[in-house]
Amino acid sequence: MSESRIFVDRSKLSSRYIPNELHHREKEMSLLQTMFKDSYIKPDEFVFLTPHIVGRSGIGKTSTILKFSSMLENEFKKSGLTLKVAYINLKLQGGNKYAVYRFLLEKIAPELPSQGLSAEEMLRYLLSYLYENKLYILIILDEIEFLLRSSKDSGIIYDFTRLNEFDLSRHCNVIGVIFIARSTEFHDKIDSSELSTLGRLPIEFQPYSIEQISDILVTRSSESFNPNVVGTDIIDEVSLFTTSSQIGGDVRYALDLLLYAGNLAEVNGGDRITLDQIRKAHGYNHPSITIQDLKELPKNHLLTLMAILKVQNRRKKQYIELKEVRNFALELASEYKIKKFEFEDYMNDLLDRKIIEMKSLKEIGMNITSLAELEPLLEQQINKK
Ligand SMILES: Nc1ncnc2c1ncn2[C@@H]1O[C@H](COP(=O)(O)OP(=O)(O)OP(=O)(O)O)[C@@H](O)[C@H]1O
Ligand SMILES: [Mg+2]
């Protein structure tokens, strides 16, 4: 493969990559470290904690917690103990409480059978397995609004905040459950006993300022691009777009812009990213779908999106009739030889993810400015799955 003039390592722009340094989250990090300090110093006296983290999309909640959890793992190791971290993303894992517990059990104790057990039995097994094997665990439940919205099964918060009361005869080796959400809206959906064990006071992550975003982007660019590919003019422009009210400080968006513009620069044979390319990428990207979204969506969802695009193109307007989209989607599904196609479910999911919006019960729309550029990308992802 020939060397890129633009990129050193594209994958460092992915939102899955956790950078070595997380600028401007030092305060949050040290707060968590203080809270959990005794968990490895006096593990058998430590009473488990259930902090919940709240803040807008793309401002480093998941990254900070994952980074914190690997630091904690290290501290445990240094004290001669073993901490396991179970990260559960409810948007990706979906499903109900049962599915979450099974995932947890399979991850921590793969040799234990989870088939045929009730949710409560699974938790019991997990706790005694940890105790008998002298293992400690930190559970991270990310994007909790998704569980509540999709299954109305709010008992999971109740269970997880009271893990230490499950078996009073022995110590609970779960040192904590960290809940992460975009806002405190989910407080309205859980009952007051759950809210009271969870605590009404979240740890709030504030959005980054424009200067903080620039700092972050300078570091992230230096890991991903060749020197001089991204000038200060580019950093300034991307930071400005990113802090606009539309984007709301979402760093993931900034990284996507840089990746997209970098690809444009490469295709054009340039050796640096231009302001024009950034503006083009911004026009294409904003607001509601990212390349990462496309990669994460299952095939049937992508076909549903494709149907929306095609009908929008045909009608040349933003809002289109649901009926027409349904017919088109079913045609596409049979073209791709898909037998079971639950159109309504995919639509609901796209609505939940805010990729599409509903104007009325019969009309839907998508907030994409440049449809023509989305289509080939979508097609590419569909054919990959
Ligand atoms: N301080 C930072 N330094 C470097 N990169 C950062 C920083 N904060 C966020 N990022 C990057 O921005 C992207 C989004 O961050 P993250 O996934 O942690 O956001 P989030 O708050 O969990 O968002 P969401 O609510 O949408 O899940 C990631 O690629 C992450 O690496
Ligand atoms: Mg997150």
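Read the figures in this text as sums done on the coordinates, not as results from a lab. Since the model is a prediction, treat every value here as computed from it, not as a measurement. Cβ: placed from backbone, ideal geometry, glycine included. Neighbour counts: every protein chain shown.
Calculated translational diffusion coefficient of the chain (37 °C, 0.692 mPa s; Stokes-Einstein with Kirkwood radius over alpha-carbon pairs) equals 142 µm²/s.
Kirkwood hydrodynamic radius of the range 208-285, from the reciprocal of the average inverse Cα-Cα distance over all distinct pairs: 12.2 Å. Here the peptides 187-197, 21-31 are ranked by packing, the mean other Cβ count within 10 Å, and the order with the highest first is 21-31, 187-197.
P(r) for the range 34-147, from all Cα pairs and a bin width of 5 Å, is 2, 10, 20, 21, 20, 16, 9, 2, 0 %, short bins first. Counting beta carbons within 10 Å around each of Leu141, Leu130 and listing the fewest first gives the order Leu130, Leu141.
Of the cross-linked pairs Lys12/Lys295; Lys107/Lys295; Lys37/Lys78; Lys299/Lys337, those separated by over 21 Å at the C-alpha level are Lys107/Lys295.
Computed from the Cβ-Cβ distance with R0 of 51 Å, the FRET efficiency linking Ser128 to Glu344 stands at 0.75. Whole-percent P(r), the range 179-309, all Cα pairs, 10 Å bins from 0: 11, 32, 27, 21, 7, 2, 0.
Taking 13 Å as the straight-line reach from the Cα of Lys67, the aspartates and glutamates in range (excluding those fewer than 8 positions away in the same chain) are Glu21, Glu26, Glu28, Glu75.
Note on the chain: antiparallel DSSP beta bridges, both residues inside, total approximately 30 percent of the bridges counted. Restricted to Cα atoms, the range 291-384 shows a radius of gyration and a Dmax of 12.1, 34 angstrom. Counting only Cβ charges, +1 for Lys and Arg and -1 for Asp and Glu, the dipole size of the chain around its Cα centre is about 720 debye. Using R0 = 41 Å, the C-beta based FRET efficiency linking Arg315 and Leu240 works out to 0.75. Here the range 291-384 is treated with +1 on each Lys and Arg Cβ and -1 on each Asp and Glu Cβ, and its dipole about the Cα centre works out to around 220 debye. Only one residue of Thr232, Val218, Leu259 has its Cα farthest out toward the positive end of the dipole of the range 208-285, where Lys and Arg carry +1 and Asp and Glu -1 on Cβ, and that residue is Leu259.
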